[in-house]
Amino acid sequence: MREAAEPAPRQLAVLSHAPNAIVALRGETRVSAAQFRRDVAALAALLPSKPFLVNLCQDRYRFMVGFAAALMRGQVTLMPSANTPGILKDLAEDYADLYALTDTAPPDLPHLLFLETLAEAEAADLLVPGDQPAVVLFTSGSTGRPKPVAKTWATLVASARVAGERLNATDFQAGCVIGTVPHQHSYGLESIILLAWQYGLAVLAACPLFPADVRAALEAAPEPRLLVTTPVHLRALMADPGGMPGAGLILSATAPLPIDLAQRAEACFGAPLMEIYGCTEAGQIATRRSTQESDWHCFENVVLHEDATGWWASGAAVEGIAPVQDVIEPVAPGRFRLGSRSADLVNIAGKRSSISYLTHQLLSIPGVEDGTFLMEEGAGQAVPRLKALVVAPSLSTDRIMQALRVTLEPAFLPRPLIRVATLPRNHLGKLLRADVLALAAAEAAE
């Protein structure tokens, strides 16, 4: 008897755009879905026959074409936490048969240079088997070597779809997504590119960072406009005296967002601000509108559960069962609040606080542009000691300490308070502990 054939894997579309709909804005050029499909087909024909691709394209449209072309060829896109030579070298050791796609200076890897003009080709259908491996994301490596997190195309699509449903993305069709965050990170990939692909939105090919660039990008983009950003970028935008054009929606992630900053951002852009909570391992998990609630609301079908090792997430938008790095405080089914991570807790002389709370108090001082607390440990100390780094050109050390004494108990005052010109934030606005410790040590040596 002939055995029944295995059912063909379900095919999931890359784009939801009509042929003439706009997929990307590159300066004055508006790229249609039909042109995007032709560009993907042309590039896919040029890709070498290797299983792993590191997409280093800085132009967001070229990254999109490269990512889709890799999907067409069944290649997995590796997305390291940073594209520094050291990280790329480590990546090449772990994935020997990789190559890079780049539109800037070639890396010290086998690579393909993205041509400015691609040959004309018949449009690709852009259908991908749902079970096809699509990306390998990597954790930041702040506690050791970055850990790989593999995700299938079906998981990426499901994550974008449930996020779009929560954000009412269908109301923004024919609008544009502007992102200040890199596309070579899970937040940028999901909230800029995949959200736009699955809901028929255009993507700004540039990645504006400075307030003047963000203002110009918003003014040039068609409405309705979605701004995908981070708290550190919002703080810079709110400090700019030129103001900002309106937006339809603001998304923020990668770090806690102070309520006062969220309120100012909503007033500035005339739009609701939604925070997205997630992590590299689990992806997007929940949202909240920070100005109206403290509870997080899980995406549809995402379930959080706890065991002896910590908290875990599962559901259609999560690849398998994934660890959640924060402490979850359940409020009701599908709702939770965030507690402090164990590494974030501070216990001095029987009193408790957290690094995130102390940093929030520092950043709340008028005139403080940036800052962070950190715990100084070891070096023969009997009692752990807090120190803080602060960027505040217009304030004296005494003035900052005076303000901290109003909100903090003496045990939690920084000893010392170190003034610096800037903090070593990465491309997502995050501070890695090793970088902060190195800066503090350098300042102390001086």
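Read-outs: derived from the displayed coordinates by stated rules, not from any lab. Quick caveat: nothing in here was measured; it's all calculated off a predicted structure. Cβ coordinates were reconstructed from backbone atoms using ideal geometry, including for glycine residues, and neighbour counts include every protein chain displayed.
Full extension of the chain segment joining GLU329 with LYS430 gains 34.0 nm, where the gain is 0.36 nm per residue of separation less the Cα-Cα distance.
Highest mean packing comes first when the peptides 69-78, 209-218 are listed by Cβ atoms within 10 Å, giving 69-78, 209-218. Computed about the Cα centre, the dipole magnitude for the chain is approximately 600 debye when only Lys and Arg (+1) and Asp and Glu (-1) carry charge, each at its Cβ. Around the amide H of ALA286, modelled in the peptide plane, lie the amide H atoms of TYR277, PHE299, all under 5 Å away and 5 or more residues distant in sequence or on another chain. When a/c is below 1.5 the answer is rounded, else prolate if a/b is larger than b/c, else oblate, so apply that to the chain with a ≥ b ≥ c taken from the square roots of the Cα gyration tensor eigenvalues. Cα axes put the chain in the prolate bin.
Just name one of PRO416, ALA444, VAL390: the one whose Cα is farthest towards the positive end of the charge dipole of region 343-445 (beta-carbon charges, Lys/Arg +1, Asp/Glu -1). Of the options given, the answer is PRO416. Kindly work out what percent of the DSSP beta bridges joining two residues of region 343-445 are antiparallel, to the nearest 5. Antiparallel bridges: around 80 percent, rounded to the nearest 5.
Distance between the modelled labels on LEU46 and ASP295, one decimal in nanometres: 5.2 nm (7 Å Cα→Cβ projection).
Per-residue ellipticity at 222 nm, computed for the chain from helices alone with -39500 (n - 2.57) per DSSP H run of at least four residues, works out to -8000 deg cm²/dmol. For the chain, take the longest principal axis of its alpha carbons; what is the angle in degrees between that and the long axis of helix 153-166, to the nearest 10 within 0 to 90? Taking the Cα atoms of the chain, the angle to 153-166 is about 60 degrees. Which of the lysines could be linked to LYS89 by a straight reach, that is with a Cα gap under 19 Å, when you skip same-chain ones fewer than 8 residues away? Reachable lysines: LYS50, LYS147. Structural descriptor for region 343-445: relative contact order 22 percent, calculated from alpha carbon pairs under 8 angstrom and at least 6 residues apart.
Within region 120-198, the GluC sites (Glu not before Pro) that combine a DSSP coil assignment with at most 11 other C-beta atoms in a 10 angstrom radius are GLU120, GLU122. Its relative contact order, with pairs defined as Cα atoms under 8 Å and 6+ residues apart, puts region 39-151 at 32 percent.
Applying a DSSP loop filter and a limit of 12 other Cβ atoms within 10 Å to the GluC sites (Glu not before Pro) in region 263-334 leaves GLU293. Since only LEU127, ALA33, ALA202 are under comparison, the one whose Cα sits farthest along the positive direction of the charge dipole of the chain, derived from C-beta charges on Lys, Arg, Asp and Glu, is ALA202. Considering only LEU46, PRO211, SER140, and ranking their Cα positions along the charge dipole of the chain that arises from unit charges at the beta-carbon of Lys, Arg, Asp and Glu, the one farthest toward the positive end is PRO211. Taking the Cα atoms of region 343-445, the ratio Rg/Rh between the radius of gyration and the Kirkwood radius comes to 0.93. Between 0 and 90 degrees, the angle of helix 397-407 with respect to the longest Cα principal axis of the chain falls at about 90 degrees. For region 250-262, the Karplus equation 6.51 cos²θ - 1.76 cosθ + 1.60, evaluated at θ = phi - 60°, returns couplings of 10, 10, 9, 7, 5, 7, x, 10, x, 4, 5, 5, 4 Hz by residue, with Gly and Pro reported as x. For region 420-440, backbone nitrogen atoms closer than 20 Å to the point 7 Å from GLU446 Cα along Cα-to-C-beta are found at 420-426, 431-440. Relative to the current alpha-carbon distance between LYS147 and HIS111, full extension at 0.36 nm per residue lengthens the span by 10.6 nm.
The mean sequence distance of close C-alpha pairs (under 8 Å, at least 6 residues apart), as a share of the length of the chain, puts its relative contact order at 10 percent. Counted over the chain, the DSSP beta bridges are approximately 60% antiparallel. Relative to the longest principal axis of the Cα atoms of the chain, the long axis of helix 85-94 lies at roughly 60 degrees.
Most tightly packed first, judged by the mean number of other beta-carbon atoms within 10 Å of their residues, the peptides 398-404, 128-134, 35-41 read 35-41, 128-134, 398-404. Starting from the Cα gyration tensor of region 20-84, take the square roots of the eigenvalues, sort them a ≥ b ≥ c, and report rounded, prolate or oblate (rounded when a/c is under 1.5, otherwise prolate if a/b is larger than b/c, else oblate). Here region 20-84 falls in the oblate category. Here each label is just a point 7 Å from Cα along the line to Cβ, and for ASP213 and VAL303 those points are 4.4 nm apart.
Averaging 1/r across all pairs of distinct Cα atoms in region 161-286 and inverting the result yields a Kirkwood radius of 14.3 Å. Among 241-248, 424-431, sorting by the average number of other beta carbon atoms lying within 10 angstrom of each residue, highest first, gives 424-431, 241-248. One chain, two ends: ASP131 and ASP240. Fully extended at 0.36 nm per residue, the span grows by 34.7 nm beyond their Cα-Cα distance.
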